[in-house]
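Colleague: Could you have a look at this structure, given as structure tokens, before my questions?
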Amino acid sequence: MNGRMRVLALAGFLLLACVAAAWGMGGREDPLVYAETLIKEQQYDEAIVYLTNFIQQYPDRFDAAQRLLKKINKIRTAYNESAVELLDVLINEPTNEERKLAMIRELESFERNPNPAVKEFVSRTKDLALFTYNRAKFEEIMDQGRLLIDERRFAEAARVYETGFVLYRPEFVAAGLEQSLVDDVFARVSTVSDSILLFEEQAAAVDQAFQALATAYADGDDDAVQAAWDAASGSARELMERRTLVVDEGRELEAAFTRLSAGDATVTENSFLPFAYRLILGRVTESKLEGVAGAMDAAWTGALGTAQAALEQLLSSALMAARNAYEAGEWASSIAGFGRAATHADRGVALLSLWSHYAPSDLVERSTTLGQAVLQLKGADYLRFVHAADVARAYVSLASVQSTMDQDTALLAALQPEVTPEARDAALAAFEERREAFYSSQQAIEDIRGRSGEMATRLGDWTEAGFGTE
């Protein structure tokens, strides 16, 4: 008998003596109840020793004790058979990670404390199978979420990413970490889950609001545009607040993992926190939007993009019509057309200003790929609208001067010889004044074009400095 078994035998004998003494003095509990407790707690070696001593002391109760010993034998036979089956799966189905994990969990349900060699084997097999299964599941979730985003099913994508919060969660709970850390981590994950529920409503609301804004832009009624703008900008602000909360929680989980792994070399990327924060924030190696935050960003981008596309079409049409009218000398139509173009451009400036919501989280706190893209692409769009408004207003002035000059030219041509020299001089002076105004308007347009070129150069410099993507 080895040392451990001798200790168990002595402990079992002493326990049996104490229980039997209590039973003999009128205690109600049968000594076999303790053996059943040991079996329930999966302390099978202790239960065997206890029952062996019990049979020696109470031979007349051999059958009752034997039933419990058979129960233990049945459990261990099932354990051994499952272990053999697991070995067979490892050999013949090496990629069936899901089945491996199910069988390992079954083994763990039979006996939490097998002998050290078996325990080490099961532990290593579980770690490898868990890593392979969780990694494959993670990739599957990320791919599925990305597909849903591409299909503009943003809320569904967020829910798919949420399903990954179970990966490595049991192992995180059982890792023996400080309970305050575990509670804080799960509270943050729960906040993200709650945000996903609210996002389902917000995604639909922001899309509908900007669709309505695009329609109002096209209709051209100022009051309707203002009402639609108030609703759309409000829904965008609410979505951005929700997105910021989700991003903050994801970054806190990332920071928790950084601190934890720095103090414990056994904490690796194959654990709960790295999976969780990537499901929230997406992977930095990916250029496309992904993760819960990415689904929210895609919903925002799609909604604002609808309104921007409508404005760009209206601006382009208005500028084309106004230029055609200007070239044809139809000054009234040209003035009205450039006026409408300026209004569309002003609305574009207001719309693009909403993207400034990304500056605190994605340019100031940390420079993300999304933040850089917003700076480059939406910054350029913003400047285009600004310059379009300037050019349109300059052409309004130019067309107004042209109209007045035409009127003055007609008046000069109609002057009769009998008109006094003083009247003729006054008319010529007025004409000269209009011509100077014309030249001033032309110079204003050239100045605007120059500023546009300078801004294009500046954008190129920003890109080269690393604030934009090629």
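The values are calculated or read from the model by the stated rules, or taken from the named source; none is laboratory data. All figures in this text were calculated on a predicted structure; none of them were measured in a lab. Please note: Cβ atoms are built from the backbone with ideal geometry, for glycine as well, and neighbour counts cover all protein chains shown. For the accessible areas, the whole protein counts, side chains as well, though only heavy atoms, and no ligand, DNA or RNA atoms are used. Shrake-Rupley method; radii C 1.70, N 1.55, O 1.52, S 1.80 Å.
Colleague: Does residue 434 fit the bill of being open to solvent by 40 Å² or more (accessible area, probe 1.4 Å), within 24 Å of residue 333 (Cα to Cα) and modelled with pLDDT of 65 or more?
Modeller: yes
Colleague: Kindly evaluate residue 165 against the criterion of being at pLDDT 95 or above and within 23 Å of residue 352 (Cα to Cα).
Modeller: So residue 165 does not fit the description; no.
Colleague: Something else: For segment 257-270, check the following and say yes or no: at least one residue is in contact (Cβ under 8 Å) with a residue 40 or more places away in the chain, out of contact with any strand residue (DSSP E or B) (no Cβ under 6 Å at 6 or more places or on another chain) and outside any helix (DSSP H, G or I).
Modeller: yes
Colleague: A follow-up question, please. I'm trying to understand the selection: among the residues of segment 309-323, which are of a type in the set (A, V, I, L, M), farther than 30 Å from residue 146 by Cα and either surrounded by fewer than 17 Cβ atoms within 10 Å (Cβ to Cβ) or touching a Phe, Trp or Tyr at 6+ places or on another chain (Cβ under 9 Å) (or both)?
Modeller: Selection gives 314, 315, 318, 319, 320, 322.
Colleague: Then there's this: Would you mind finding the one in 140, 156, 200 that is part of a helix (DSSP H, G or I), out of contact with any Leu (no Cβ under 8 Å at 6 or more places or on another chain), without any contact (Cβ under 8 Å) to a residue 24 or more places away in the chain and not aromatic (Phe, Trp, Tyr)?
Modeller: Selected residue: 140, the only one of 140, 156, 200 that is part of a helix (DSSP H, G or I), out of contact with any Leu (no Cβ under 8 Å at 6 or more places or on another chain), without any contact (Cβ under 8 Å) to a residue 24 or more places away in the chain and not aromatic (Phe, Trp, Tyr).
Listed here are the residues, each with its yes/no results for (1) among the β-branched types (Val, Ile, Thr); (2) open to solvent by less than 60 Å² (accessible area, probe 1.4 Å); (3) within 30 Å of residue 395 (Cβ to Cβ).
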| residue | (1), (2), (3) |
| --- | --- |
| 241 | no, no, no |
| 252 | no, no, no |
| 267 | yes, yes, no |
| 292 | yes, yes, no |
| 296 | no, yes, no |
| 301 | yes, yes, no |
| 307 | no, yes, yes |
| 325 | no, yes, yes |
| 331 | no, yes, yes |
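Colleague: Only one of (1) at pLDDT 75 or above; (2) buried (at least 17 other Cβ atoms within 10 Å of the Cβ) is not met by residue 350, so which one is it?
Modeller: For residue 350, the failing item is (2).
Colleague: Might you check whether a residue that is surrounded by fewer than 12 Cβ atoms within 10 Å (Cβ to Cβ), of a type in the set (D, E, K, R), assigned to a helix (DSSP H, G or I) and modelled with pLDDT of 75 or more occurs anywhere in segment 42-50?
Modeller: No: segment 42-50 contains no residue that is surrounded by fewer than 12 Cβ atoms within 10 Å (Cβ to Cβ), of a type in the set (D, E, K, R), assigned to a helix (DSSP H, G or I) and modelled with pLDDT of 75 or more.
Colleague: Which numbered condition trips up residue 274, out of (1) open to solvent by less than 40 Å² (accessible area, probe 1.4 Å); (2) free of Cβ contacts under 8 Å to residues at least 24 places away in the same chain; (3) over 29 Å from residue 172 (Cα atoms); (4) not hydrophobic (A, V, I, L, M, F, W, C)?
Modeller: Going through the list (1) open to solvent by less than 40 Å² (accessible area, probe 1.4 Å); (2) free of Cβ contacts under 8 Å to residues at least 24 places away in the same chain; (3) over 29 Å from residue 172 (Cα atoms); (4) not hydrophobic (A, V, I, L, M, F, W, C), residue 274 breaks only (3).
Colleague: Sticking with this structure for a sec: Would you pick out the residues in segment 163-187 that are crowded, with 18+ Cβ neighbours inside 10 Å and over 20 Å from residue 98 (Cα atoms)?
Modeller: 185
Colleague: Residues of segment 182-197 being free of Cβ contacts under 8 Å to residues at least 12 places away in the same chain and farther than 20 Å from residue 235 by Cα, which ones?
Modeller: Answer for segment 182-197, where residues must be free of Cβ contacts under 8 Å to residues at least 12 places away in the same chain and farther than 20 Å from residue 235 by Cα: 182, 183, 186, 187, 190.
Colleague: Inspect all residues belonging to segment 62-82 and state whether any of them is assigned to a helix (DSSP H, G or I), open to solvent by less than 70 Å² (accessible area, probe 1.4 Å), among the polar types (S, T, N, Q) and at pLDDT 70 or above.
Modeller: Looking through segment 62-82, at least one residue is assigned to a helix (DSSP H, G or I), open to solvent by less than 70 Å² (accessible area, probe 1.4 Å), among the polar types (S, T, N, Q) and at pLDDT 70 or above.
Colleague: Return only the number of the condition from (1) more than 30 Å from residue 218 (Cβ to Cβ); (2) in a helix (DSSP H, G or I); (3) at pLDDT below 70 that residue 448 does not satisfy.
Modeller: Every listed condition holds for residue 448 apart from (1).
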